[in-house]
Amino acid sequence: MEYDARIQPLFQRQRLDLLPHRPPVQQYGSRNAAYDLRPFAKDMRYHGEPFKWDEVRHAQVRAKLDACYARLYGLTRDELRYILDLKEVYGEDFPGETFRVLKEKEIRLYGEYRTRRLVLEAWERLGLGA
């Protein structure tokens, strides 16, 4: 798979942002940050402090990476929309769904299918194509 020059610089820092936070930890208010992953972070050329957990930022970073991976796999925006929500493309009576549990959970928590919106917004913001 060949990397798009617009995408490659995003991966190093973004992947580190998504690492799970687990003990041993340093307290940051009510959230934790992992220090046990420091050797891995150094291998990734990151030498700063562990990231504070930020649920909103985590969702945005994950969406940006999802959009980038979709582009790397050669998907168009319409194909990405299809993968994220078949019913949006084919209508509510379409018999299948790709991420039904995620969609239902996010609608319950946020009043919308947040992942779909964030991924498509990231696609547009990064200018990844039609």
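Taking the range 69-96 on its own, how many of its residues are of a type outside the set (Phe, Trp, Tyr) and touching a Leu at 6+ places or on another chain (Cβ under 6 Å)?
Initially, the range 69-96 is screened for residues of a type outside the set (Phe, Trp, Tyr), giving 70-72, 74-81, 83-89, 91-93, 95-96.
Still in the running and touching a Leu at 6+ places or on another chain (Cβ under 6 Å): 70-71, 96.
Residues that pass the stated criteria total 3.
How do the helices (runs of 4 or more DSSP H) wholly within the range 32-116 filter down when requiring 1 or more residues that are touching a residue at least 12 places away in the same chain (Cβ under 8 Å) and among the aromatic types (Phe, Trp, Tyr): which remain?
Details: elements: 38-43, 55-72, 77-84, 86-90, 100-110.
Answer list for the range 32-116: 38-43.
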Among the candidates Arg125, Arg108, Arg114, Arg71, residue that is within 24 Å of Glu55 (Cα to Cα), buried (at least 16 other Cβ atoms within 10 Å of the Cβ) and out of contact with any Cys (no Cβ under 6 Å at 6 or more places or on another chain): Arg114
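Throughout, read-outs are computed from the coordinates displayed, never taken from laboratory work. Keep in mind that what you see is a predicted model, and the values were worked out from it rather than measured. All Cβ positions, glycine included, derive from the backbone under ideal geometry; neighbour counts span all protein chains shown.
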